[in-house]
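The values are calculated or read from the model by the stated rules, or taken from the named source; none is laboratory data. Please read all numbers here as calculations on a predicted model, not as lab measurements. When we count neighbours, we look across all protein chains shown, and the Cβ atoms used for this are built from the backbone with ideal geometry, even at glycine. Remember, those area values only see protein heavy atoms, side chains included, never the ligands or the DNA or RNA. Shrake-Rupley method; radii C 1.70, N 1.55, O 1.52, S 1.80 Å.
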Amino acid sequence: VPMSNGRKIPILADDYVDVEFGTGALKVTPGHDANDYAIGQRNNLPIINIMDEKGSLNENGGAYAGMDRFKCRKRLWRDMEDAGLVLKTE
């Protein structure tokens, strides 16, 4: 994962994904919603919390730890642009 200090993303297959819709690929965030949680449970994916109770990034936020989530979003986008990872902005 870019900007995550080398965290790897597993690639897996799951019946929840409709291969006829869009690219047939789906990003799963097990702590985000019930469908993602169910996929995570079936595939033994960890739930990684990156925010504290105040809405700032915690130690799992890597270089962005301690930043307010809104400031982090802007900084992360700028860092991704600087690294040449942004294809377009809508």
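Some values worked out for this structure:
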{"quantity": "C-alpha long axis of helix 69-82 to longest principal axis of the chain, angle in °", "calculated": "90 degrees"}
{"quantity": "Potential lengthening between ILE47 and THR23 on full extension [0.36 nm per residue; Cα-Cα distance subtracted]", "calculated": "6.2 nm"}
{"quantity": "Percent accessible area from carbon and sulfur atoms, the stretch 1-60, protein chains only, probe 1.4 Å", "calculated": "54 percent"}
{"quantity": "ARG75/TYR16 FRET efficiency (R0 25 Å; Cβ-Cβ; nearest 0.05)", "calculated": "0.15"}
{"quantity": "Relative contact order of the chain, pairs being alpha-carbon contacts under 8 Å that are 6 or more residues apart, as %", "calculated": "16 percent"}
{"quantity": "For the chain, accessible area per residue (1.4 Å probe, heavy atoms of protein chains only), Å²", "calculated": "83 Å²"}
